[in-house]
Amino acid sequence: MMKTFISSCWTKLANRYSLPNVVYPSIPILWFGDMKAYEKSELKIVTVGLNPSCWEFKDNKNAPYDITLRFPKATQLCNYQTLTAKDVSAYSDAMNDYFKHRPYSKWFKHNERVLNELCASYNVQAPYKLISENKNDILKHTAIHVDIYAPLATDPVWGGMKKRERSVLCSACSGMFDDLMKILNPDIIIIAVNQTEIAKHFVNAKGNKCTRHNADFDSTNSPHDYLRGFNLDNGKKLIWGTNSNGQPFSSVKQLTTRMTSLKQQLNIP
């Protein structure tokens, strides 16, 4: 199923690099992280963003875009209109190696804080930092990251684009996020975006939009420091937290204490 999904998405996006703000040269990033390890994890955890940024393909403002920076195994795929079975395998390897090669840790390290509290990491062999107060915790679940709107990196990031530009890109990527989430079937979804996005894409087990007004768990210290949890359908859980200046969960204080309460409230092991 995943191989078919990769091929289909690649074909749909092959001629979309001329769209405004889309990074080129680049490749679609359908997920970040070790899919094989994720599939073997007892607890399946997915972190979610809006779309990849230009920093996936350059290290500084004046540098040219470079696929080899973080996806060296997929360099040869640039400009391919379709993928062979061998190409799909090379692409999967490139995505799976993301956190083992040269991840954009300046952004992902913030999600890693929350993952660690769930005994999870993007890379359990070499996590950014185990911050849990419980020194006996063992990182055993491998998480991956996906994006809601487009697997194509943009410059500027999603929030900096004009509404019309975002609409065109959304049309090109319609249905991809929903299809991918069906394949991944996560137990826990971790996300830090604005309330409008949460209400637009997620509903709780009762069928109501996920908002701050109907959270099953709500730990709020200030408008800029909150952690909320929702029970979704089929036993899935949603963890929603502060996003400050584009950095997920970066301003959440006393994270271990608050995550402990959230896990108890939502019955997360």
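Couple of notes before you dig in:
- Computed over protein heavy atoms with a 1.4 Å probe, the accessible surface of segment 188-241 works out to 47 Å² per residue.
- The residues neighbouring Asp147, those whose beta-carbon lies less than 12 Å from its own, together hold a net charge of -2 under the Lys/Arg +1, Asp/Glu -1 convention.
- Here's how it looks for Val203: its modeled amide H is under 5 Å from those of Cys210, which are all 5 or more places away or on a different chain.
- 19 Å Cα-Cα threshold exceeded, pairs from Lys12/Lys40; Lys3/Lys73; Lys209/Lys253; Lys44/Lys237; Lys3/Lys140: Lys12/Lys40; Lys209/Lys253; Lys3/Lys140
- Max mean-square fluctuation residue, GNM over the chain, Cα-Cα springs under 10 Å, options Pro20, Pro103, Pro52: Pro20
- Solvent-accessible surface of segment 10-149, taken per residue with a 1.4 Å probe and all protein chains present: 46 Å².
- Cβ-placed point charges (K, R +1; D, E -1), dipole of the chain about Cα centre in debye, nearest 20: 260 debye
- In straight-distance terms, cross-link reach from Lys58 covers every one of the aspartates and glutamates whose alpha-carbon lies under 13 Å from its own, apart from those fewer than eight places away in the same chain; here that gives Asp66, Asp155.
- Qualifying trypsin sites (Lys or Arg not before Pro) in segment 26-118, DSSP loop, other Cβ atoms within 10 Å at most 14: Lys61
- Taking the chain as a Gaussian network of alpha-carbon nodes connected by springs under 10 Å, the highest mean-square fluctuation of the residues Ser92, Ser251, Ser121 belongs to Ser251.
- Highest-fluctuation residue, Ala37, Ala85, Ala215 considered, GNM on the chain with Cα pairs under 10 Å: Ala85
- In summary, the aspartates and glutamates within cross-link reach of Lys109, defined as a Cα separation below 19 angstrom excluding same-chain residues under 8 places away, comprise Asp34, Glu56, Asp59, Asp97, Glu117, Glu133, Asp137, Asp147, Asp225.
- Dividing the helix sum by the residues of the chain, where each DSSP H run of 4 or more adds -39500 (n - 2.57), gives a mean residue ellipticity at 222 nm of -9000 deg cm²/dmol.
- Average Cα contact separation per residue, segment 121-269, under 8 Å, 6 or more apart, as relative contact order %: 17 percent
- Taking amide H positions as modeled 1.01 Å from N, with prolines and chain starts lacking one, the residues under 5 Å from Gly49 and 5 or more places away or on another chain are Val146, Asp147, Ile148.
- Share of carbon and sulfur in the accessible area of segment 202-252 stands at 42%, probe radius 1.4 Å.
The values are calculated or read from the model by the stated rules, or taken from the named source; none is laboratory data. Every value quoted in this text rests on a predicted model; they were computed, and no experiment measured them. A quick note on method: Cβ atoms are made from the backbone with ideal geometry, for glycine too, and the neighbour counts reach across all protein chains shown. Surface accessibility is based on the protein's heavy atoms, side chains included, excluding ligands, DNA and RNA. Shrake-Rupley method; radii C 1.70, N 1.55, O 1.52, S 1.80 Å.
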